[in-house]
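Participant: Next up is a structure, given as structure tokens.
The values are calculated or read from the model by the stated rules, or taken from the named source; none is laboratory data. Quantities reported herein were computed from a predicted structural model and do not represent experimental measurements. Here the Cβ is made from the backbone with ideal geometry for all residues, glycine too, and neighbour counts use every protein chain on show.
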Amino acid sequence: MSFAASVLTLYPEMFPGALGLSLAGRALEAGIWSLEAIQIRDFATDKHRTVDDTPAGGGAGMVMRADVLARAIDHASPPGDPRPRLLMSPRGKPLTQARVRELAAGPGAVILCGRFEGVDQRLIEARGLEEVSIGDFILSGGEPAALVLLDAVVRLLPGVMGNAVSGEEESFENGLLEHPHYTRPQEFEGRPIPDVLISGNHKKIGEWRRAEAEKLTRERRPDLLANVPPR
Ligand code: SAH
């Protein structure tokens, strides 16, 4: 059974976008995952196909209407759909590799992309949307955030990455940032590849990589160290 993504957006032309190329694009063609981009505007009922209105209480910007969005979600994800319903939102829980893994192990995701000031709070509550943030900055819309989330998920689907091992050693998978990488030439602008890496001693190489990963994590992301499982 393949991973099924349904994205609700005012800009369906943004999909699959970057996900139509490279690993994700090949996996899409191979049917390892599917992507349906749904135009929210199709669920408006007035002749101008209005999806937003002025904020209750006043202030700048516009808010996406609960009634229009509810019709779009109910179409994409009828009762009984087992897929989680996500709302891309800077107020959401920051996306982690652990959540990405859970999503990749599931049946898919229904993803609502906000625009303007965001969406009516009653819609979030009434449809049980899980708010997901991709970081502490503001995008102009949820579409790039949805592309980021799907990219992270799709590469974990079985059959997508050529070398499955490379996924397990990556940054965050063991709670650490990854060790540095080197490849030919043996010397670049006077800088040689560290000797241990050309020693052929795989035990030593493993120890060196682990030590480098720990050093890098201590320097750059000490906050991660609290979660490192013992070896
Ligand atoms: N007024 C809102 C920001 C709206 S930005 C606030 O201050 O919280 C418009 C839309 O872009 C949002 O509805 C959301 O879907 C998306 N978006 C913006 N930043 C995001 C982020 N860091 N992560 C995920 N989605 C984001």
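Participant: Six or more apart or on different chains, Cβ atoms under 6 Å: show the pairs whose first residue is in the stretch 105-129 and assigned by TED's automatic domain parsing to the domain that holds residue 63 and whose second is away from the ligand (no atom under 15 Å from the Cβ) and in a strand (DSSP E or B).
Facilitator: 108/3; 108/4; 108/5; 109/5; 110/6
Participant: For residue 62, work out the one condition from (1) within 12 Å of the ligand (Cβ to nearest atom); (2) crowded, with 16+ Cβ neighbours inside 10 Å; (3) of a type outside the set (D, E, K, R) it doesn't fulfil.
Facilitator: (2)
Participant: Among the numbered criteria (1) part of a loop (DSSP other than H, G, I, E, B); (2) loosely packed, with under 15 Cβ neighbours inside 10 Å; (3) of a type in the set (D, E, K, R), which one does residue 215 miss?
Facilitator: (1) is the only condition that residue 215 fails.
Participant: Got a sec? Which of 155, 184 is more than 16 Å from the chain's Cα centre (by Cα) and away from the ligand (no atom under 11 Å from the Cβ)?
Facilitator: That would be 184, the only listed residue that is more than 16 Å from the chain's Cα centre (by Cα) and away from the ligand (no atom under 11 Å from the Cβ).
Participant: Name the single residue, out of those in the stretch 34-47 being more than 24 Å from the chain's Cα centre (by Cα) and under 18 Å from residue 12 (Cβ atoms), that is surrounded by the most Cβ atoms within 10 Å (Cβ to Cβ).
Facilitator: Here the answer is 43.
Participant: Pick out the one residue from 65, 41, 99 that is closer than 22 Å to residue 135 by Cα and not hydrophobic (A, V, I, L, M, F, W, C).
Facilitator: 99
Participant: Quick check on the stretch 193-201. Is at least one of its residues in contact with a Pro (Cβ under 8 Å, 6 or more places away or on another chain) and surrounded by fewer than 16 Cβ atoms within 10 Å (Cβ to Cβ)?
Facilitator: Scanning the stretch 193-201 turns up no residue that is in contact with a Pro (Cβ under 8 Å, 6 or more places away or on another chain) and surrounded by fewer than 16 Cβ atoms within 10 Å (Cβ to Cβ).
Participant: Which pairs do you get when a residue that is without any contact (Cβ under 8 Å) to a residue 40 or more places away in the chain, found in the stretch 130-145, comes within reach of a residue that is basic (Lys, Arg), reach meaning Cβ atoms under 8 angstrom, with the pair 6+ apart or on two chains?
Facilitator: As it stands, the answer is 140/115, since those pairs meet every condition given.
Participant: Out of the helices (runs of 4 or more DSSP H) lying entirely within the stretch 102-171, which hold 2 or more residues that are out of contact with any Ser or Thr (no Cβ under 9 Å at 6 or more places or on another chain) and surrounded by 20 or more Cβ atoms within 10 Å (Cβ to Cβ)?
Facilitator: 143-154
Participant: I would also like to ask the following. Can you tell me which residues in the stretch 128-147 are near the ligand (Cβ under 8 Å from one of its atoms), more than 10 Å from residue 88 (Cα to Cα) and within 12 Å of the chain's Cα centre (by Cα)?
Facilitator: If the condition is that a residue be near the ligand (Cβ under 8 Å from one of its atoms), more than 10 Å from residue 88 (Cα to Cα) and within 12 Å of the chain's Cα centre (by Cα), then 135 is the only one that fits.
Every residue, every condition in (1) touching a Leu at 6+ places or on another chain (Cβ under 9 Å); (2) in the same structural domain as residue 8 (by TED's automatic domain parsing); (3) within 30 Å of residue 14 (Cα to Cα), yes or no:
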position: 140; (1), (2), (3): no, yes, yes
position: 146; (1), (2), (3): yes, yes, yes
position: 160; (1), (2), (3): yes, no, yes
position: 184; (1), (2), (3): no, no, no
position: 216; (1), (2), (3): yes, no, no
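Conditions tested, residue by residue: (1) within 16 Å of the ligand (Cβ to nearest atom); (2) in a strand (DSSP E or B); (3) crowded, with 18+ Cβ neighbours inside 10 Å; (4) touching a residue at least 40 places away in the same chain (Cβ under 8 Å).
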| residue | (1), (2), (3), (4) |
| --- | --- |
| 13 | no, no, no, no |
| 24 | no, no, yes, yes |
| 31 | no, no, no, no |
| 49 | no, no, no, no |
| 57 | yes, no, no, no |
| 73 | yes, no, yes, yes |
| 80 | no, no, no, no |
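Participant: Among (1) surrounded by 13 or more Cβ atoms within 10 Å (Cβ to Cβ); (2) more than 20 Å from the chain's Cα centre (by Cα); (3) within 30 Å of residue 106 (Cβ to Cβ), which single condition is residue 225 missing?
Facilitator: (1)
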